[in-house]
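> Before we start, here is the structure in question, set down as structure tokens.
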Amino acid sequence: MAGCLSGVSLSVLLASLVTTSATAQTTSGGAQNLPPVVVEKQNQAQRRAKPMRTRQATAARASRAPRGQGSAARSTAASSGGAIETATGPVRGYIANQSATGTKTDTPLRETPQSITVVTADRVRDQGATTVQEALRYVPGVFADAYGPDSRGDYPRFRGQDPNIYLDGTRMVNVYTFNEWRPEPYTLERMEVLRGPASVLYGDTSTAGLLNLISKRPQEQEYREIGVQYGTFNRKQIQTDMTGKLTKDGEWLYRFVGVFRDSDYQTDHINDDRIVIAPSLTWRPTKDTNWTVMGTYQKDKSKVGSFFPIEGTLYAGPNGRIPVNRFTGDPTFDRYQTETGAVSSLFEHSFGDVLKLRQNMRFAHVEGIYNFTYPDVYGDPANPFVDAERRSVNRYVSGRSTTKDSFTMDNNAELKLATGPVEHKVLLGFDYRRLLERAKSGYYLDTTPFDLYAPVYTPVMAPELTGEPRTLQSLAGIYVQDQMRFGPWRAVLGMRQDFVSSDVADAPKQNDKATTGRAALMYDLPFGLTPYVTYAQSFTPIFGSHICVDYCKPQRGEMVEVGFKYQPNKRLAINGALFDTTENNRLASGPDPEFSVQIGKVRIRGVELEVLSSVTSDLDLIGTYSYLDAKVQSGDNTGKRLETVPEQQASLWAKYRLSAFGLPGLTLGAGARYIGKTWDGVDNFSTPDYTLFDAMARYDTGPWTFQVNATNLGDKRHVTTCLARGDCFYGARRTVLGNVTYRF
């Protein structure tokens, strides 16, 4: 907390140094050319003058909310209090208008020259998503369940690449690593999918882009709910979300989010238990100052699902197919546990309409245990069996314990000014990230045959763990961005310099640096259409130990994207893009499942289309389509298709409230998802395409909401991925989830 206080003091000191110049600019004649600014928060006098609403009045206002969102609309309306939408606040329905992910400033999505999809809390709730990757199933260019319902974390793929996951603008999860803090969807206000390079603002991101999660924050309008869930695989969960004023004038606000879950899993002998406690506090001493401090404690207890051989999974062998629920580990030894404690500070101060300072910081401590017994399908992928009947395999027994401490910080100043007829929004920033990891690990090959078709679970011997070299890695970046406007023309120019250090004990220190940039041009047509063209670069140092056998080389990439954004009103948004990306030193699956390998140059070209529409006040639609051509351009496997990249994907989701039939409390939803075939990485075989169907029914009555969601309605057996190294992954089976929520 001392670090948070010192950071805020630093911001205030910096603010005092520029107050004079900002004030002078405000009072000068040139300031009249500045664009209008929407003040996001009411001042103290306005808050005091505002009459208190009763719960009955709030409920009546929410019931009159347009678009038929049911309880989701009521919760959003209550938490937003009818305020103007901001880049981090609640969104009513499916169509967001503002975002800061693409520019780090509160910018309309139609003015952001890159592909972004905002998955709102209403959308997550309607579709019954229980993990972050499930919430991305109806996003174009995203293969949400690339490795099936993985119990270890969320591993979606954006445009054929692995994105990093951010929380409130700073890095939260490292790709290709385990025992990371896995975000809980119920604690989030929105999930923002930025596709394409974003290194100019965030530093270490690939050409995939990033997933920026926005936390639920304290709101002025009082809202409280408690809900219970029960569903397939004996899932039992209780959750609560409460927010409102701590003081009558609204200077202090609070929020508390809690989740408690006890659940089994689609694989036998695996649990999926979770505890999340997330309190937060906001201080608003003036209309220009906002400081939010958030705490999180989370503990996940599970085991790891199975990696199955190609024979018996992708196609039937002489013994048929291996059951989807088959557990191939040791119930007494296997364990996947992650415990996280984190504190975040989000500070913002404005100097009139000219200057705004921000500082986001977070410290997280994560402890993990990863005990895993899995089939040896890697030595001979075509025939991993050790018996003539092709039933039994040897197994690896692996154990690892980790402790990770991470500190992230992002400071920036946003300045609005004008040079003649050109309006500018200039962003100057500095961010820093530090990760310290300590680990012990060990593994061995157990040559006791294990029958995949009729398993006998004989306890294995735990491996002896030895200490891995301590890893200390840091990244510091300086960036500048200018958002310019001249009549109907808009341009975004940015540049960044990164400095990266990786210090592994008993090994030479590795230092890298890179300069990245972005240039984009947009044009506002009078009927709501905004075409754009963007060039952007990426720089991705590979953080974390136990990824490559030796040091991983930084990945470098670039992208050209041509697209459009069409939003004639707040009820319709259509976005489309054509893109061409290249990247060097891409990570791929290697012969040793414990490590990745780096291949040469890859090229990914594609097209995306997204339609979001509130056709009527009762009907909402989401439609998406994407096509990807992803191949190795040089190095190993030149000309081969990249692994785990569907060539085509399409989805359609519709939600309808039955007001026209005299049943305004009843809402029905349905969706279909098509995922094209994927390849193994060397073009030896592919997984077939498949189509899955989802459904939802909800009934709202007074403070009560009853909802049922079903995914993969037909319980279609499908394989999401098979890799050349020899393992395959089953997709999620049919799941049915019931949810009862009471608002008070």
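The values are calculated or read from the model by the stated rules, or taken from the named source; none is laboratory data. Here the structure is a predicted model, which means the values were calculated and not measured. Here the Cβ positions follow ideal geometry from the backbone for every residue, glycine too, while neighbour counts run over all protein chains shown.
> Can you tell me which residues in the stretch 274-300 are crowded, with 16+ Cβ neighbours inside 10 Å, within 23 Å of the chain's Cα centre (by Cα) and either not hydrophobic (A, V, I, L, M, F, W, C) or not in a strand (DSSP E or B) (or both)?
Matches in the stretch 274-300: ARG274, PRO279, SER280, THR292, THR296, GLN298, ASP300.
> Can you pull out the residues in the stretch 81-124 that are closer than 23 Å to THR667 by Cβ, of a type in the set (Asp, Glu) and outside any helix (DSSP H, G or I)?
If the condition is that a residue be closer than 23 Å to THR667 by Cβ, of a type in the set (Asp, Glu) and outside any helix (DSSP H, G or I), then GLU85 is the only one that fits.
> From (1) within 30 Å of PHE407 (Cβ to Cβ); (2) aliphatic (A, V, I, L, M); (3) assigned to a strand (DSSP E or B); (4) more than 23 Å from the chain's Cα centre (by Cα), pick out the condition that doesn't hold for LEU521.
Single failed check for LEU521: (1).
> If you take the residues of the stretch 473-494 that are farther than 16 Å from LYS425 by Cβ and crowded, with 16+ Cβ neighbours inside 10 Å, which of them is modelled with the lowest pLDDT?
The qualifying residue modelled with the lowest pLDDT is GLN473.
> Let me ask you something else. Quick check on this structure: which one of LEU652, LEU587, LEU572, LEU628 is closer than 18 Å to TYR94 by Cα and either surrounded by 18 or more Cβ atoms within 10 Å (Cβ to Cβ) or out of contact with any Gly (no Cβ under 8 Å at 6 or more places or on another chain) (or both)?
One residue alone meets the criteria, LEU572.
> Mind telling me which of the residues ALA146, ALA129 ends up being out of contact with any strand residue (DSSP E or B) (no Cβ under 7 Å at 6 or more places or on another chain), part of a loop (DSSP other than H, G, I, E, B) and among the hydrophobic types (A, V, I, L, M, F, W, C)?
Among ALA146, ALA129, only ALA129 is out of contact with any strand residue (DSSP E or B) (no Cβ under 7 Å at 6 or more places or on another chain), part of a loop (DSSP other than H, G, I, E, B) and among the hydrophobic types (A, V, I, L, M, F, W, C).
Yes/no per residue for (1) within 30 Å of ARG321 (Cα to Cα); (2) among the aromatic types (Phe, Trp, Tyr); (3) at pLDDT 95 or above:
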{"position": "ALA342", "(1), (2), (3)": "no, no, yes"}
{"position": "SER350", "(1), (2), (3)": "no, no, yes"}
{"position": "ASP353", "(1), (2), (3)": "no, no, no"}
{"position": "GLY368", "(1), (2), (3)": "no, no, yes"}
{"position": "VAL386", "(1), (2), (3)": "yes, no, yes"}
{"position": "VAL393", "(1), (2), (3)": "yes, no, yes"}
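> Specify which of the listed residues (THR687, THR667) is surrounded by 22 or more Cβ atoms within 10 Å (Cβ to Cβ) and either among the charged types (D, E, K, R) or closer than 24 Å to VAL736 by Cα (or both).
None of the others qualify; the one that does is THR667.
> If I filter the stretch 322-372 down to residues being of a type in the set (Lys, Arg) and over 30 Å from LYS425 (Cβ atoms), which single residue comes out as farthest from the chain's Cα centre (by Cα)?
Filtering first and then ranking leaves ARG326.
> If you scan the stretch 224-261, which residues turn out to be more than 19 Å from THR292 (Cβ to Cβ) and of a type in the set (A, V, I, L, M)?
Once the filter is applied, which keeps residues that are more than 19 Å from THR292 (Cβ to Cβ) and of a type in the set (A, V, I, L, M), the stretch 224-261 yields ILE226, VAL228, ILE238, VAL259.
> Only one of ASN179, ASN174 is over 25 Å from ALA650 (Cβ atoms), buried (at least 24 other Cβ atoms within 10 Å of the Cβ), out of contact with any His (no Cβ under 7 Å at 6 or more places or on another chain) and in contact (Cβ under 8 Å) with a residue 12 or more places away in the chain. Can you tell me which?
ASN179
> Pull out all pairs, ordered by first then second residue, where Cβ-Cβ is under 6 Å, the residues are six or more apart or on different chains, the first lies in the stretch 288-299 and is over 18 Å from GLN359 (Cβ atoms) and in contact (Cβ under 8 Å) with a residue 24 or more places away in the chain, and the second is of a type in the set (Asp, Glu) and in a strand (DSSP E or B).
Pairs that qualify, where the first residue is over 18 Å from GLN359 (Cβ atoms) and in contact (Cβ under 8 Å) with a residue 24 or more places away in the chain and the partner is of a type in the set (Asp, Glu) and in a strand (DSSP E or B), are LYS299/GLU339.
> Is it true that some residue in the stretch 599-613 is free of Cβ contacts under 8 Å to residues at least 40 places away in the same chain, in contact with a Leu (Cβ under 6 Å, 6 or more places away or on another chain) and small (Gly, Ala, Ser)?
No, that holds for no residue.
> Restricting attention to the stretch 602-625, which residues are hydroxyl-bearing (Ser, Thr, Tyr), touching a strand residue (DSSP E or B) at 6+ places or on another chain (Cβ under 7 Å) and either more than 30 Å from SER538 (Cβ to Cβ) or surrounded by 23 or more Cβ atoms within 10 Å (Cβ to Cβ) (or both)?
Across the stretch 602-625, the qualifying residues are SER613, SER614, THR624.
> How do the strands (runs of 3 or more DSSP E) wholly within the stretch 217-263 filter down when requiring 2 or more residues that are basic (Lys, Arg) and closer than 28 Å to LEU737 by Cα: which remain?
235-245, 252-262
> Next up: Could you please let me know if ARG195 is surrounded by fewer than 21 Cβ atoms within 10 Å (Cβ to Cβ), under 21 Å from THR120 (Cβ atoms), in contact (Cβ under 8 Å) with a residue 24 or more places away in the chain and of a type outside the set (Asp, Glu)?
Judged against the criteria, ARG195 is not a match.
> Here is a list of conditions, (1) outside any strand (DSSP E or B); (2) without any contact (Cβ under 8 Å) to a residue 40 or more places away in the chain, and PRO469 meets all of them except one; can you say which number that is?
(2)
> Next question. In the stretch 351-410, which residues are more than 30 Å from THR458 (Cα to Cα), part of a loop (DSSP other than H, G, I, E, B) and of a type outside the set (Asp, Glu)?
GLY352, VAL354
> Within the bounds of the stretch 155-166, is there any residue that is at pLDDT 95 or above and more than 27 Å from ASP272 (Cα to Cα)?
yes
> Now for a separate question. Take GLY329 and decide whether it is of a type outside the set (A, V, I, L, M), over 30 Å from ARG217 (Cα atoms) and either surrounded by fewer than 22 Cβ atoms within 10 Å (Cβ to Cβ) or touching a residue at least 24 places away in the same chain (Cβ under 8 Å) (or both).
The answer is yes for GLY329.
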